[in-house]
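Below: the structure, in structure tokens.
The values are calculated or read from the model by the stated rules, or taken from the named source; none is laboratory data. This is a predicted model, so every value here is computed, not measured. Glycine also receives a Cβ, built like all others from the backbone with ideal geometry; neighbour counts cover every protein chain displayed.
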2 protein chains.
Amino acid sequence: MSSPTIKDVARLAGVSISTVSRVMNDSKPVSPEARRKVLDAIKKLDFKPNELARSLVMRRSNLIGVIVKDIAISYMTEMVRGIEEVGRMYNYDILLSSSYGDIELEKKIINFMFTKQVEGIVLISEDAKPEVVYMLQNQTIPYIQLDKFYNFNETYSVTINYKEAAKEMTEFLIGKGHEKILFVKEYKNAIIGQEKLKGYKEVMDAHNYFSREITVDGVTDKEGYKYGEEIWKIIEHEGITAAFFSEDGLAIGFLNYCYDNNKKVPDDISVAGFGDIKISSLYRPRLTTVREPYYDYGAVAVRKIIKKIKDNVEIDSATILPSSIIERETVKDIN
Amino acid sequence: MSSPTIKDVARLAGVSISTVSRVMNDSKPVSPEARRKVLDAIKKLDFKPNELARSLVMRRSNLIGVIVKDIAISYMTEMVRGIEEVGRMYNYDILLSSSYGDIELEKKIINFMFTKQVEGIVLISEDAKPEVVYMLQNQTIPYIQLDKFYNFNETYSVTINYKEAAKEMTEFLIGKGHEKILFVKEYKNAIIGQEKLKGYKEVMDAHNYFSREITVDGVTDKEGYKYGEEIWKIIEHEGITAAFFSEDGLAIGFLNYCYDNNKKVPDDISVAGFGDIKISSLYRPRLTTVREPYYDYGAVAVRKIIKKIKDNVEIDSATILPSSIIERETVKDIN
DNA sequence: TTGAAAGCGCTAACAG
DNA sequence: CTGTTAGCGCTTTCAA
């Protein structure tokens, strides 16, 4: 009934369990004769080693715990993909859990992952709470935080240079002839949002253009839509020609608002986003935006974790990846 | 250095490891005194039981293996969400792997999951190959297949009644005054696509309307776009007023084609989809479509698996969930 | 109510 | 090259 064990294989092959173990792992020389018998027995019994037992004795679970806020958020999915693909290259498997932003649940999940003996953790929670970060810091398993909005510099992470990226986009807009640019910033105290804002401001200042911002309470299309009217008022009132959203979700929501209210993009207003989430290239008009390498965030993160596991060498706390401007259809050249 | 074990707790508490185990699991009466000492020790050492060891002896991993074609496909994500949320309710964790449609990899993953002692498997591969299904059938771990395009009736699954749903949508379109309706079908031999087509045809026949179909080699917006021109020719040539796509992805691609080629939806052509994937309600104009309960597919699937695990009672091979028509903006009332 | 001991399936000295 | 043995960290008889 229950699956065969190494013992069954040994018995059938007429050797000891050590020999079986040795051929399975190629860990020590085994005579061709014995090897053949073992291999035969394995095939005959359709034997599959119990990884749990192996993990127990090896003290290696080959598991990476991934905690996401919500797997349905498309950019998180991209990250998970990166994690999974390179994880598999190194024979690591993914234990996945969603926290839905519930901090107590998140803490429970982390503890739970410890009990499952994960060898590393990547936390994708958008806005990890200090308590949680603290938990992670005060233990020995390597971890990386992949937070799109908040990130604590003391923590291991992989990001782009948000400020530089925002500067580039602002320059891009200016290059297209825009001087009155509105910056729409996510959340109130999102650290990363602040960075983007800084970049925008620096460039505007350098050009002696008047900078104008509005902060929106959220990051999704819902909020972009909700604030549409308010944003539009500013646009009209101040003669804004381009709106630079700190998040694609917000931009898409605003695009929806425009569609529903008969404002033409980019004729009536140019809009730029930040992130290049999946929908941005699918939507019409296609969103011009800053591309963040989500897949690579994940890929690099596991790579760092695995390196730490293998070599136990301290990893640099932050890795900065390149970003780029993706020009599509929502920004008009008004030169 | 390494984390404390049950032995350490026992030593510190001055009791045997059995006693520690008993208080952890409430498995047998323990004197209040001993319990207190154990609890103290646990707290003092910040002891976390090793689930691997426990699983080994209990022969229960509390793991459900989930194999998806690609986690970045949005409806799959929804399913995974359902799996995860109800899984957690029963204390099951998700071991996630993507197959990217590679059948050899898929088989490897399945075997691998067996070695990890998963207690159940849910396979979300869009078009599981017979070989793979065969593997699943010839072993004892419960499994469920969640395939959107192909599904083998002999296999455990949870779906909607595709034919009925397509009938409803066709009736809906007719109710809006459309008589010349084009059905755009995914793939060549997708069984589920056939079902939808049947539903459409039955209704058209019943009304004595001429049915017209085209089969497209794919299911995503890419193909919907690619076939846009061909579809449009048919529309013009045959005076079609509404196009019913067997998949939302296809419909979105076609909507993009229309946008890029200055065809107005729904003024020039009405379009309906099937699935209600995430983008369908975000896109403008919003897509009128058939809603499939993706989250519930996943939720019901695990529930069935867990029931099988717990009660070892045979589960009905297919569960049919309700679907519904979501009326939005892409279908015009031409009555 | 408790502890000793066996064992889950496997790996890794150790001796031969 | 091979078998014996001692665990990995935990649960669970079995006696006491």
Give me the residue from the stretch A:71-83 that is of a type in the set (Gly, Ala, Ser) and in contact (Cβ under 8 Å) with a residue 24 or more places away in the chain and, out of that set, farthest from the other protein chains (Cβ to nearest Cβ). A:Gly82
Kindly indicate whether A:Ala251 is over 26 Å from the mean Cα position of the chain (by Cα), buried (at least 23 other Cβ atoms within 10 Å of the Cβ) and assigned by TED's automatic domain parsing to the domain that holds A:Thr288. no
Please indicate, with yes or no, whether at least one residue in the stretch B:12-19 is free of Cβ contacts under 8 Å to residues at least 60 places away in the same chain, near DNA strand D (Cβ under 7 Å from one of its atoms), away from chain A (no Cβ under 14 Å) and not β-branched (Val, Ile, Thr). yes
Looking only at the stretch A:93-120, which residues are hydroxyl-bearing (Ser, Thr, Tyr) and within 10 Å of chain B (Cβ to nearest Cβ)? A:Ser97, A:Ser98, A:Tyr100, A:Thr115
Take the residues of the stretch B:18-37 that are among the hydroxyl-bearing types (Ser, Thr, Tyr) and surrounded by 17 or more Cβ atoms within 10 Å (Cβ to Cβ): which is farthest from A:Lys278 (Cα to Cα)? B:Thr19
Residues located in the stretch A:223-282, provided they are of a type in the set (S, T, N, Q) and either away from chain B (no Cβ under 14 Å) or within 24 Å of A:Glu171 (Cα to Cα) (or both): A:Thr241, A:Ser246, A:Ser270, A:Ser280, A:Ser281
Taking the stretch B:20-37 and keeping residues in a helix (DSSP H, G or I) and either near DNA strand C (Cβ under 9 Å from one of its atoms) or more than 14 Å from chain A (Cβ to nearest Cβ) (or both) leaves B:Val20, B:Ser21, B:Arg22, B:Val23, B:Pro32, B:Glu33, B:Ala34, B:Arg35, B:Arg36, B:Lys37
Note on B:Pro4: of the conditions (1) farther than 25 Å from B:Val133 by Cα; (2) of a type outside the set (Val, Ile, Thr); (3) more than 10 Å from DNA strand D (Cβ to nearest atom), unmet is (3)
Considering residues of the stretch A:38-56 that are more than 8 Å from chain B (Cβ to nearest Cβ) and within 16 Å of DNA strand D (Cβ to nearest atom) only, the residue surrounded by the fewest Cβ atoms within 10 Å (Cβ to Cβ): A:Asp40
Going by the structure shown, is B:Glu78 surrounded by fewer than 19 Cβ atoms within 10 Å (Cβ to Cβ), more than 14 Å from DNA strand D (Cβ to nearest atom) and either modelled with pLDDT under 95 or not assigned by TED's automatic domain parsing to the domain that holds B:Asp26 (or both)? no
Over the stretch A:1-11, the set of residues near DNA strand C (Cβ under 10 Å from one of its atoms), in a helix (DSSP H, G or I) and either of a type in the set (D, E, K, R) or within 11 Å of another protein chain (Cβ to nearest Cβ) (or both) is A:Lys7, A:Asp8
Filter the stretch A:38-59 for residues that are near DNA strand C (Cβ under 9 Å from one of its atoms) and not hydroxyl-bearing (Ser, Thr, Tyr) and give the result. A:Phe47, A:Lys48, A:Pro49, A:Asn50, A:Glu51, A:Leu52, A:Ala53, A:Arg54, A:Leu56, A:Val57, A:Met58
Going through (1) at positive phi; (2) more than 10 Å from DNA strand D (Cβ to nearest atom) one by one, B:Arg59 fails only at (2)
Determine whether B:Tyr134 is assigned by TED's automatic domain parsing to the domain that holds B:Ile67, surrounded by fewer than 19 Cβ atoms within 10 Å (Cβ to Cβ), within 17 Å of the chain's Cα centre (by Cα) and modelled with pLDDT under 95. no
Determine whether B:Val86 is under 13 Å from the mean Cα position of the chain (by Cα), among the aliphatic types (A, V, I, L, M) and more than 7 Å from chain A (Cβ to nearest Cβ). no
Scanning the stretch A:151-172 residue by residue, those in contact (Cβ under 8 Å) with a residue 40 or more places away in the chain and either touching a Ser or Thr at 6+ places or on another chain (Cβ under 7 Å) or within 28 Å of A:Asn138 (Cβ to Cβ) (or both) turn out to be A:Asn151, A:Asn153, A:Glu154, A:Thr155, A:Tyr156, A:Ser157, A:Val158, A:Thr159, A:Ile160, A:Ala165
First in the stretch A:50-70 and assigned to a strand (DSSP E or B), second anywhere and of a type in the set (S, T, N, Q) and within 12 Å of DNA strand C (Cβ to nearest atom), Cβ under 9 Å, 6 or more apart: A:Leu63/A:Ser55
Considering only the stretch A:174-200, state which residues are at pLDDT 95 or above and either more than 27 Å from the chain's Cα centre (by Cα) or outside any helix (DSSP H, G or I) (or both). A:Ile174, A:Gly175, A:Lys176, A:Gly177, A:His178, A:Glu179, A:Lys180, A:Ile181, A:Leu182, A:Phe183, A:Val184, A:Lys185
